[in-house]
Amino acid sequence: MLEMNRRTFLKVTGTTAAAVAVAPKLVGAMETELGGKDIDPVGAGERVGIPVTCHVCNIQDGAIAYVQDGRIVKLEGNPEHVSTRGRLCAKGNSGMWYTYDPDRITYPLKRVGARGEGKWKRITWDEALKEVAGKLDEAIKEDPNSVFLKYGRNRTGGAIDRFMHTLGSDSILNHTSVCESSKKVGLEPTWGPDIETPDFAHAKYILNFGSNILEAAYFHNPLSQRVMEGTVENKAKLVTFDVRLSNTAGRSDEWIPVFPATDGAIALAMGNVILSNDLQDSDFINTWTNVTVDELKAHYKQYTPEWASKLSGVPVETIERIAREFATTKPATLFTYRGPAKHLYGSYNEKACMMLPIMTGNIEKRGGYCMPRGMGWPQPEPQPPKPAKHAFMNAHHHPDYPLASHGTSHMLPYHIANGDVKVKVYFTYQDNPVYTNPGAQATWGKMFRDEKLIPYYVSMSPFMGEETALADLILPDCPYLERWEPESMPNSLHPWLGIRQPVIKPLGESRENRIILRDIIHTLDPDGSRGMKKYWEFADGEDYMRHHFDNVPKLKEDGGLDFLKKHGVWPIYGKLDGTGKIVDKTGREIEAEYGLHMKELSADEMLGAIVDPTAGTITKNGEAIGVQRNGKNYVGFSTPDRRLNVRVDGWAKYGFNPMPTFKQIPWHKDMQDDEMILTTYKINVHKQSRTAAVKWLAEIMHSNPAWMNSETGKKIGVKTGDLVRVESKVGYVVTKAYVFEGIHPKVIAIPTGFGHWEYGRLANLKHKEKAGGEYGAADDADLNNVWWDDRGVHANAMIPNVVDPIGGSQGWYDTVVKVTKAGPEDKYGDVKGDWDKHMEAYKESLRYAYTGDLHRTMHPEMAAWGGPDSVNQEAAHQAAPAPEKAPEAEAAPAEGAEAAAKEAAH
Amino acid sequence: MSELLVSNIETRGVPGKRRFAMVIDLRRCIGCDACMTACKAEYDVPLGVFRTWVPYRVVGTYPNVRKQFMPRLCNHCDDPPCVRSCPVGATYKMEDGGFVLQRYERCIGCKACMASCPYNARFMLPKNRTYTDIHSVVDKCTFCHHRVMNNLAPACVQTCIGRSRIFGDLNDPNSEVSHLVNTLPTQVLRPEEGTKPHVFYIGLDRNTSEIGRGIYSAPEVLEEGRNAFGAVKI
Amino acid sequence: MGDYNVFHHIPWTGAYAIYFFTIGISAALFFFSARSWFASCSILEPIRKPAAYVSFVLLVISGLLLISDLSQPMRFLNTMNPFYMNFNSPLAWGGLNLMSFGIVSALYVFMMWKGNDALAKKLGVVGAVLALGLPIYTGFDLTVHQNRPVWNTPLMPVLFVAMSLVSGAAVAIFLALNNASVTKHLRTYMFWSAAAVAVMLIALMGTTAYGGVGAELTFMSLTSGSLSFAFLWVGVILGTIIPIALLLTPVGTNHVGTLAAAALILVGGFALRYSILIGGQVVQSYF
Ligand SMILES: Nc1nc2c(c(=O)[nH]1)N[C@H]1C(S)=C(S)[C@@H](COP(=O)(O)OP(=O)(O)OC[C@H]3O[C@@H](n4cnc5c(=O)[nH]c(N)nc54)[C@H](O)[C@@H]3O)O[C@H]1N2
Ligand SMILES: Nc1nc2c(c(=O)[nH]1)N[C@H]1C(S)=C(S)[C@@H](COP(=O)(O)OP(=O)(O)OC[C@H]3O[C@@H](n4cnc5c(=O)[nH]c(N)nc54)[C@H](O)[C@@H]3O)O[C@H]1N2
Ligand code: SF4
Ligand code: SF4
Ligand code: SF4
Ligand code: SF4
Ligand code: SF4
Ligand SMILES: [Mo]
């Protein structure tokens, strides 16, 4: 012992001395290395590290998986990753439990017995593929669009679209309308990309509307790091508007509780204060937007703080004070996420919020509100052509919601039940609508159980999620640590490309998605005679990846896929230093590039370009490439006229207000005294439906009592722990109350992610009833130590369908509920939803569509609009074109920013 | 000035010796719990026990309400009562670095060390574990001794999203922990126990760190959790 | 999802209270047996052998209890490994004490059985000193935990000695069968040690009630919380005050009365040990 001590001591003094000699000490930098290698705590041997990209949630952080004796034992952040900077969140650190879930499905399963009965037969891949190919064959002969595929976390980098297009089907659906679509649609028409990158680290003032950055949001891990730098190191002030005390609100300098869905009104009133006090950046507005300061002032006159205060409950003084602080503190930034967006008119709310950094000129500034920086990658050639026939609805269009460019897939069950769309074969991929959509088992569950509506249903999933449990056939995909996938996310100010690669060989007989899809096509077209096989000539996952990456300029010179296999990410900007930041060779933090819109076009680029005399838009070969401002030719923003479109003319076409506006939710207007609004939020340690079986996360949080304010609790005679019945117009749940101070008195909040009835034994707490390994996975002895006996409650069955007529979003946070002390026959965990009532809610939401009867009532200011007939329906279908690249990337940057981003990535 | 009575195993300020410490900057803790799962992964820590955990409190009255997090772990006390109370020297303090560590093969499982630790930092490893073959002995946070000896930051520090956890040698005047402890007000947990903890908190509110009278009529949800866990109620 | 999300077990569970109880009785019985060799206490002679035997049996039971409560019972030998021994630990001393007492006690019983009275008497003296050490070390075991309310008071070793005597005397009274003079002698022991326990309990409750939040909460737990039944009702009232009162009344002086008091004292003695043991740990499990 003593000897060892002396030796280590000598050794370490040696290195310390050397370190002092080589590099001068950074003040406030930790001395030890922040990762990049790993030691076994028991045997002291060094472990093998393989870089990957996390996919527990969809933020896509760079990680390293460490392997010992063939087992993935640990994950850590990739220290070479510019966004992640060596850190992972609680979920990311637990990712190996996807691989080692004892209830994982490791071979194909065929249903025996009724749908959802839970009886399965193990079959071979050959049998499975033949069966699917047979069903597909029948379906595409009749109508290729009767083959449906709905995905959630699709990170296949184009493989899903390739598959569906190979089959000739346009029926590709995403989940974005239950996610954040109205945020995207609120932003895109104004500045191009579908998300912003707030430069928290360098800001002095941060306004946060309804985003729970410190727990969830895009992009929890990378952005939380920067928020802490901004608030602690840079002394920025953080102000959060939320209906409840999220961890973000709880750690903000100010939490301002708001009445749900009124953020837009507050933001407009703040704009009013800024403009009426001349605190705006007039130069910026006049130069870079399609409106003038005077127009803006005139428009904002109507939005007084008194008006907003009445709607939101936020005091007039607070609105005025925050507005002044925001406008006079530079640089300032703003961030929003699902809080303002997930409402009937969520797109308007988002737009109103976005106006604040625009009118104060904080756009593309250091410490301000920046465009996303991301990278794309080419698709392997040849590519299948786009399907000849449009589907009734898909990931990008719906006839009644032409502006909802990210789809309205949560409407699907009603359209299937109505006969609007006809399904022959239905695939799900990483999508659990039976749990995650409004209505849950009462709507999607009912639909999937009905063999007349869904004749054949295939789930490609390694887990027995609520949706997979209803399938006819389960094709076991691999969890993320066993897959090849290309990645990029604009989750910091530095663009990057990354990959996922198999850390270990797929367990059991599981196959990664792109191989499953390839094998289906090969079974369907074994000799290539149907012209399908040629799009799927990939030897394996790695080969597919080479087609993506080996020809990317600059990356190619660095080694292409081989570089990515070694580092996990490209480019490498620098090294992680002891302060947890990425620094260049001189030890200085690498600076981001700002002012992307102010890049000047070269003489070459200007050759043959035409400049529009009024808007200044520079067009070349029919494509807008920039905008002329003060005699200079800038690239501008990626909008049609290359300016910020404060006035969105595309909206006016459908009778929506093109200018920043606010609409109060009609059913919030005259709520009864005993009525409240339900919010279902996300928490730090869980991810949608898919982490309930991750033991370390379930241990930290496994139940979800309903939050309510002490005042409310007193009013209805409920204290913490009491059972309450929460009832909406379409159903109810019975759950426990958590009565405290951290929530708006008119709001009740039930976090999502709990109350599973499928998803493996740990999620539904059946671990004592049967052993693990039912579908071929290894059991985990640790599950004998499970000490909790509460799995929580899931509220989706009683949340009705609501559609933002612009953005297509589900209005998750609009539900009016009655909350009462539970009655004698109410049991904890009771959940009920009623199909007919859900159907009524669906019909009700259609009334707000531009084709609906309430649209005009809601928009008296648009009296001059010609009505739905004034719009060419066919053109409407084309109004929202599918994004060209990485359509599954929920936060993929628009092309302009992407090009600029690529430039920035030397 | 009179000399303080310094126990013979204290290494704080002893020239030529390293004394590792952790600083937890509560201004930066976002309660993400990444540290908790990183630590679980590092040691294959079973369910029901924790080497580190992040309790929180909600303080204030609506609408002036805040959330406070207080990450916890073994304090690697300079005068550790756990070491003192172990009859067989299965828990001991390393002179180099001040780590308080376990000799698993020696531990008889008398739990005297658990009883003597004022911080609940110690726990009994259950019979069932996923892949590590160490059972039914007492365990605790090691300050990631095996990592630190290989010049790596502890796992919880490495992943800390808020960069709330800082680790280093307090006897090195140039270390970041020295810098923080020397320039900012810090606080340790239960200083009155005389354990000389080496986890220093920046921004710790004693109202949060003290056991509150509130536990006498603890909310039922808390009691439910404790029931499920099989813990004794007050 | 309350104010805490991680809970802690108490390390020393109720099984330790059984050990405290049996070892205390064992020590006191040995003490009575040894005392009977001396003229001043020769009156105890009738219980010399039964007390020694029961003491030895209880000692064996205690040892087994202690070992079985270890999570690594087979490693109990480690406590005797001189290379491992940590003399800062009261448990290490306790182990030595227990071991040597075991050896002496075995020899004592053996010599008595062989009829070697001279040696038995000498062993009795040595053993009595070691026996006294047992409640002292158990008390120390608790006292040294500076962080534990109720435990961390210099009273603890003394209280355990008194509790050992009172419970031991109560058992001895049963061993005395119907012997009136032995019973009378033991009743005096029982009465005065019960009185000493009572006085110390008052002091203990006082210091606990006024000892800061942790101690105050422990006091609340002991007097009105989850431990109030064991501590206040069974330990203090039923097991200490009522028997004292009983012994002061004429009923207490008759045989049945004495036996009733002894029985109550035994119940109370266990309850006190249990509640003091657990009481010192409950509050901290919330920290
Ligand atoms: N830990 C974790 N991280 C995640 C995810 C996860 O499941 N878990 N999911 C990822 C995904 S898919 C997404 S889309 C993002 C979502 O990330 P966020 O949008 O940040 O999270 P949400 O919980 O959906 O909603 C944010 C907040 O909106 C509040 N809110 C509700 N109504 C209103 C309102 O009217 N006004 C305001 N101002 N606030 C309101 C809620 O109380 C909640 O705190 O997170 C991503 N990151
Ligand atoms: N009430 C309420 N509901 C909500 C929300 C809310 O705030 N409130 N948030 C919404 C949001 S933001 C979103 S994004 C949606 C998400 O909703 P979904 O897209 O449905 O997301 P998940 O729950 O992640 O889907 C999990 C399914 O994917 C499959 N799966 C999991 N891992 C893998 C894998 O590695 N490979 C394959 N092939 N399959 C896998 C499993 O079968 C599982 O059932 O939920 C929404 N639902
Ligand atoms: S936020 Fe967490 S779960 Fe999501 S990608 Fe990052 S590390 Fe993984
Ligand atoms: S915190 Fe507890 S376990 Fe850690 S050294 Fe101090 S007394 Fe020992
Ligand atoms: S339980 Fe183990 S480490 Fe703790 S005091 Fe006993 S022997 Fe020592
Ligand atoms: S220092 Fe290591 S052992 Fe201790 S809490 Fe952190 S990760 Fe766990
Ligand atoms: S990882 Fe860091 S920021 Fe997150 S809870 Fe732990 S200490 Fe706090
Ligand atoms: Mo989402």
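Here, each number is a calculation from the coordinates, and none is a lab measurement. The structure displayed is predicted, hence computed values, not measured ones. Here Cβ is always computed from backbone atoms with ideal geometry, including for glycine, and neighbour counts include all displayed protein chains.
Report the local net charge at A:ILE716: Lys and Arg +1, Asp and Glu -1, summed over other residues whose C-beta lies under 11 Å from its C-beta.
Working: positive: A:LYS714, A:LYS715, A:LYS719, A:ARG725, A:LYS818, A:LYS821; negative: A:ASP673, A:ASP674, A:GLU711, A:ASP722.
Result for the neighbourhood of A:ILE716: +2.
Hey, got the dipole for segment A:49-129? About the Cα centre, +1 on K and R Cβ, -1 on D and E Cβ, debye to the nearest 20?
It works out to roughly 340 debye.
Suppose every Lys and Arg Cβ carries +1 and every Asp and Glu Cβ carries -1, with no other charges. What dipole size does segment A:181-359 come out with about its Cα centre, to the nearest 20 debye?
Rounded to the nearest 20 debye, it is 340 debye.
Among C:47-54, C:275-282, A:529-536, how do they line up by average Cβ neighbours within 10 Å per residue, starting with the highest?
Numbers: C:47-54: 20.8, C:275-282: 25.0, A:529-536: 15.8.
Going from most to least packed, we get C:275-282, C:47-54, A:529-536.
A 27 angstrom limit on the alpha carbon distance is what I want to check against. Which of A:LYS237/A:LYS351; A:LYS669/A:LYS729; A:LYS37/A:LYS770; A:LYS729/A:LYS821 exceed it?
A:LYS37/A:LYS770
Mean residue ellipticity at 222 nm from the helices of the protein assembly as shown, using -39,500 (n - 2.57) per DSSP H segment of n ≥ 4 over the full residue count, to the nearest 500 deg cm²/dmol?
Values: 49 runs with 503 residues, N = 1427.
For the protein assembly as shown, the value works out to -10500 deg cm²/dmol.
For peptide B:65-71, compute the average count of partner chain beta-carbon atoms within 10 Å of each residue's beta-carbon.
Neighbouring Cβ atoms belonging to other protein chains average 5 per residue here.
Roughly speaking, what is the centre-to-centre gap between segment A:751-816 and segment A:580-606 when only Cα atoms are used, to the nearest Å?
Segment A:751-816 and segment A:580-606 have Cα centres spaced 44 Å from each other.
Order these peptides, C:136-148, A:839-851, A:248-260, by their mean beta-carbon neighbour count within 10 angstrom, highest first.
The peptides rank, most packed first, as A:248-260, C:136-148, A:839-851.
Percent relative contact order of chain A, based on C-alpha pairs within less than 8 angstrom and at least six residues apart?
Details: 2108 pairs, mean separation 170.3, N = 906.
Answer for chain A is 19 percent.
Quote the Stokes-Einstein diffusion coefficient, in whole µm² s⁻¹, for segment A:181-359, based on the Kirkwood radius over alpha carbon pairs, a temperature of 20 °C and a viscosity of 1.002 mPa s.
For these conditions, the coefficient is 134 µm²/s.
Using only atoms on other chains, find how many Cβ atoms lie within 10 Å of each Cβ of peptide B:192-203 and report the average.
1
Neighbouring Cβ atoms within 10 Å as the yardstick, rank A:GLU466, B:GLU220 fewest first.
So the ranking, lowest neighbour count to highest, is B:GLU220, A:GLU466.
Let a ≥ b ≥ c be the square roots of the eigenvalues of the Cα gyration tensor of segment B:113-234; is it rounded (a/c under 1.5), or, if not, prolate (a/b larger than b/c) or oblate?
It comes out oblate by the Cα gyration axes.
Extending each Cα 7 Å along its Cβ direction at A:ASN418 and A:LYS827, get the distance between those two points in nm, one decimal.
3.7
May I ask you to derive the relative contact order of segment A:181-359, considering only C-alpha pairs under 8 Å and at least 6 residues apart, and to give it as an integer percent?
Relative contact order for segment A:181-359 comes out at 33 percent.
Rounded to whole Å, give me the distance from the Cα center of segment A:456-509 to that of segment B:198-234.
40
Assuming 1.567 mPa s and 4 °C, estimate D for chain A with Stokes-Einstein, Rh taken as the Kirkwood radius over Cα pairs, in µm²/s.
The estimated diffusion coefficient comes to 46 µm²/s.
Say R0 is 41 Å: what FRET efficiency, to the nearest 0.05, do C:THR188 and B:HIS135 get from their beta-carbon distance? It would help to have the intermediate numbers written out before the result.
Working: r = 52 Å, r/R0 = 1.26.
E between C:THR188 and B:HIS135, to the nearest 0.05, is 0.20.
What ranking do A:37-45, C:80-88 get when scored by the average of other Cβ atoms within 10 Å per residue, highest first?
Result, highest mean first: A:37-45, C:80-88.
Can you check what the net charge comes to around A:GLU229, using other residues whose Cβ is under 11 Å from the Cβ of A:GLU229 (Lys, Arg +1; Asp, Glu -1)?
In short, +3.
For the protein assembly as shown, with the dipole built from +1 on Lys and Arg beta-carbon atoms and -1 on Asp and Glu ones, taken about the Cα centre, which of A:ILE319, A:GLY636, A:TRP307 lies farthest toward the positive end?
Going by the charge dipole, the pick is A:ILE319.
Which pairs in the list A:LYS746/A:LYS766; A:LYS301/B:LYS67; A:LYS556/A:LYS632; A:LYS768/B:LYS40; A:LYS715/B:LYS233; A:LYS389/A:LYS424 are over 27 Å apart, alpha-carbon to alpha-carbon?
Violating the 27 Å limit, Cα to Cα: A:LYS746/A:LYS766; A:LYS301/B:LYS67; A:LYS556/A:LYS632; A:LYS715/B:LYS233.
Could you check the spin-label model distance between A:ARG530 and A:GLU591? Points 7 Å from the Cα along Cα→Cβ, value in nm.
5.8
Rounded to the nearest Å, what's the spacing between the alpha carbon centres of segment C:226-287 and segment A:273-349? Just the number, please.
72
For segment A:597-652, what is the relative contact order in percent, using Cα pairs closer than 8 Å and at least 6 residues apart in sequence?
Once normalised by length, the contact order is 29 percent.
Net charge within 14 Å of C:ASP117 by Cβ-Cβ distance, Lys/Arg positive one each and Asp/Glu negative one each, not counting C:ASP117 itself?
Values: positive: C:ARG48, C:LYS49, C:LYS114, C:LYS121, C:LYS122; negative: C:GLU45.
Combined, the nearby Lys, Arg, Asp and Glu give +4.
Using a 10 Å cut-off around each Cβ of peptide A:247-256, what is the average number of partner chain Cβ atoms that fall inside?
Working: counts 7, 3, 3, 12, 11, 2, 1, 3, 7, 1.
Mean inter-chain Cβ contacts per residue within 10 Å come to 5.
Treating the beta-carbon of each Lys and Arg as +1 and of each Asp and Glu as -1, no other charges, what is the dipole magnitude of the protein assembly as shown about its Cα centre, to the nearest 20 debye?
4300
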